[in-house]
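Asks: I have a structure here, written as structure tokens, and I will follow up with some questions on it.
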Amino acid sequence: MTATIAPSRVESLASSGIESIPKEYVRLNEELTSMGNVFEEEKKEEGSQVPTIDIKDIASEDPEVRGKAIQELKRAAMEWGVMHLVNHGISDELIDRVKVAGQTFFELPVEEKEKYANDQASGNVQGYGSKLANSASGRLEWEDYYFHLSYPEDKRDLSIWPETPADYIPAVSEYSKELRYLATKILSALSLALGLEEGRLEKEVGGLEELLLQFKINYYPKCPQPELALGVEAHTDVSALTFILHNMVPGLQLFYEGKWVTAKCVPNSIIMHIGDTIEILSNGKYKSILHRGLVNKEKVRISWAVFCEPPKEKIILKPLPDLVSDEEPARYPPRTFAQHVQYKLFRKTQGPQTTITKN
């Protein structure tokens, strides 16, 4: 059985019994050559591995222990721009609640989820949706999602948060609050590592009142031809920081030193990406890494991403003067966050190899 017209939801398409995917989901030839079996990829022990950073020592009372931990974070942020955070201070119980709430929502019938559907054409991006084709390649991604602002509390719209399951609002609210504390801890350490005052990067991305946490559940159904499709195409995040949980099904790949590296599943960890915003502020010292998501035919993959974003118009993003010199001139022009997003959208229309955030 072969489908020619894709329904609006990937989940519906995946459960329809098709054996081959519609052409809109088949990736470009230059992408296909580097896509393998994600379960085999994850088992590889040789080659580069995504670093694991122990967060508890960053808050140590011992200056030597703290200094060493900050340097390890700095090295990972400069070399990779992505890492597994362990001992991050958020309880396993709360993380499990967030995962159960998200998984339970996606287990609802599609018609129930459609009550929360967004309308991207009108600019209403919050809610339940599927990725529209980009104008460069015309390809679709093998993914449905649920997206909404989750913090600060006074800026969120609870009317578009799922009522089922009942624990969704309490669990995601508490998790977002905890993540906000973690973001402060990370931004402080990243500031100190660059020789800046502890609160500098946090201030530059909006501080406690203006930094927005955008919550996105990514749902990747089983795919009958995973060697032809991507859950998420190659992109960098526009955010300051991105924090990701997942259901321990591999899929994340990073483009590191000219090769695609598959991230291992590290129990009780949170994956953290440095986003474009911090790369710009650090004048390229910290790295926003190109990454993508593979799919498979055996297991559904779910990830829970939180994008920490500066306000769209209030702040001019540019390399901090402290990090610019004659030897290291500014590598990025001044832009608001909104202008940076538009710049990446515009670049996306210029050819298939450029990138865009998955917010």
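Asks: Taking Leu28 as meeting all but one of (1) surrounded by 14 or more Cβ atoms within 10 Å (Cβ to Cβ); (2) at pLDDT 95 or above, write down the number of the exception.
Replies: (2)
Asks: Filter region 10-34 down to the residues that are touching a Phe, Trp or Tyr at 6+ places or on another chain (Cβ under 8 Å) and part of a loop (DSSP other than H, G, I, E, B), then identify the one that is nearest to Gln225 (Cα to Cα).
Replies: Ile21
Asks: Select from region 277-299 the residues that are surrounded by 23 or more Cβ atoms within 10 Å (Cβ to Cβ) and of a type in the set (D, E, K, R) and list them in ascending order.
Replies: Within region 277-299, Glu279, Arg292 meet the criteria.
Asks: Ok, one more. Kindly indicate whether any position in region 211-218 is assigned to a helix (DSSP H, G or I) and either in contact with a helix residue (DSSP H, G or I) (Cβ under 8 Å, 6 or more places away or on another chain) or under 24 Å from His273 (Cβ atoms) (or both).
Replies: If we filter region 211-218 for residues that are assigned to a helix (DSSP H, G or I), which is where we start, we get none.
Within region 211-218, none of the residues are assigned to a helix (DSSP H, G or I) and either in contact with a helix residue (DSSP H, G or I) (Cβ under 8 Å, 6 or more places away or on another chain) or under 24 Å from His273 (Cβ atoms) (or both).
Asks: Still on this structure, please answer the following. Write out, first by first residue and then by second, each pair whose Cβ atoms fall under 8 Å of each other, whose residues are 6+ apart or on separate chains, and whose first residue, in region 75-91, is among the basic types (Lys, Arg) while the second is surrounded by 15 or more Cβ atoms within 10 Å (Cβ to Cβ).
Replies: Qualifying pairs under 8 Å: Arg75/Pro51.
Asks: Identify all residues within region 38-60 that are in a loop (DSSP other than H, G, I, E, B) and either modelled with pLDDT of 95 or more or not acidic (Asp, Glu) (or both); write none if there are none. Quick ask: steps written out before the conclusion?
Replies: First, pick out the residues of region 38-60 that are in a loop (DSSP other than H, G, I, E, B): 44-51, 55, 60.
If the condition is that a residue be in a loop (DSSP other than H, G, I, E, B) and either modelled with pLDDT of 95 or more or not acidic (Asp, Glu) (or both), then Lys44, Gly47, Ser48, Gln49, Val50, Pro51, Ile55, Ser60 are the ones that fit.
Asks: Condition first: out of contact with any helix residue (DSSP H, G or I) (no Cβ under 7 Å at 6 or more places or on another chain) and in a loop (DSSP other than H, G, I, E, B). Now tell me which residues in region 61-109 satisfy that.
Replies: Passing the criteria: Glu61, Asp62, Trp80, Gly81, Ser91, Glu107, Leu108, Pro109.
Asks: Moving on to the next point. Between a first residue in region 205-218 that is in contact (Cβ under 8 Å) with a residue 24 or more places away in the chain and aromatic (Phe, Trp, Tyr) and a second residue that is surrounded by 21 or more Cβ atoms within 10 Å (Cβ to Cβ) and not in a loop (DSSP other than H, G, I, E, B), which pairs have beta carbons less than 6 Å apart while being 6 or more apart in sequence or on different chains?
Replies: Partner pairs satisfying both residue conditions: Phe215/His148; Phe215/Ser150; Phe215/Val306.
Asks: Given the structure, is Ala305 small (Gly, Ala, Ser), within 21 Å of the chain's Cα centre (by Cα) and modelled with pLDDT of 95 or more? Show your work before the answer.
Replies: Details: small (Gly, Ala, Ser): yes; within 21 Å of the chain's Cα centre (by Cα): yes; modelled with pLDDT of 95 or more: yes.
Here the answer is yes, as Ala305 does meet what is asked.
Asks: Taking Ser191 as the residue in question, decide whether it is at pLDDT 95 or above, in contact with an Asp or Glu (Cβ under 7 Å, 6 or more places away or on another chain), surrounded by 15 or more Cβ atoms within 10 Å (Cβ to Cβ) and not in a loop (DSSP other than H, G, I, E, B). Steps first, please.
Replies: Working: at pLDDT 95 or above: yes; in contact with an Asp or Glu (Cβ under 7 Å, 6 or more places away or on another chain): yes; surrounded by 15 or more Cβ atoms within 10 Å (Cβ to Cβ): yes; not in a loop (DSSP other than H, G, I, E, B): yes.
It is true that Ser191 is at pLDDT 95 or above, in contact with an Asp or Glu (Cβ under 7 Å, 6 or more places away or on another chain), surrounded by 15 or more Cβ atoms within 10 Å (Cβ to Cβ) and not in a loop (DSSP other than H, G, I, E, B).
Asks: What number of residues within region 43-58 satisfy the criterion of being surrounded by 14 or more Cβ atoms within 10 Å (Cβ to Cβ) and either farther than 13 Å from Ser269 by Cα or not acidic (Asp, Glu) (or both)? Before the answer, list the steps.
Replies: If we filter region 43-58 for residues that are surrounded by 14 or more Cβ atoms within 10 Å (Cβ to Cβ), which is where we start, we get 49-55, 57-58.
Checking which are either farther than 13 Å from Ser269 by Cα or not acidic (Asp, Glu) (or both) leaves us with 49-53, 55, 57-58.
Here the count works out to 8.
Asks: While we're looking at this one, here's another question. If I filter region 55-84 down to residues being in contact with a Ser or Thr (Cβ under 6 Å, 6 or more places away or on another chain) and not basic (Lys, Arg), which single residue comes out as nearest to Ile289 (Cα to Cα)? Write out each step before concluding.
Replies: Filtering region 55-84 for residues in contact with a Ser or Thr (Cβ under 6 Å, 6 or more places away or on another chain) gives 66, 81, 84.
Adding the requirement that they be not basic (Lys, Arg) leaves 81, 84.
Working: Gly81: 6, His84: 14 Å.
Taking the candidates together, the pick is Gly81.
Asks: Pick out the one residue from Ser159, Ser176, Ser122 that is touching a Ser or Thr at 6+ places or on another chain (Cβ under 9 Å) and of a type in the set (Gly, Ala, Ser).
Replies: On the way: Ser159 fails: touching a Ser or Thr at 6+ places or on another chain (Cβ under 9 Å); Ser122 fails: touching a Ser or Thr at 6+ places or on another chain (Cβ under 9 Å).
Answer to the check: Ser176.
Asks: Right, something else. Test of understanding: among Tyr175, Tyr220, Tyr151, which residue is crowded, with 21+ Cβ neighbours inside 10 Å, among the aromatic types (Phe, Trp, Tyr) and over 30 Å from Asp57 (Cα atoms)? Write out each step before concluding.
Replies: Details: Tyr175 fails: over 30 Å from Asp57 (Cα atoms); Tyr151 fails: over 30 Å from Asp57 (Cα atoms).
Exactly one residue qualifies, and that residue is Tyr220.
The values are calculated or read from the model by the stated rules, or taken from the named source; none is laboratory data. All of these numbers come straight from a predicted model, not from anything done at the bench. Here the Cβ is made from the backbone with ideal geometry for all residues, glycine too, and neighbour counts use every protein chain on show.
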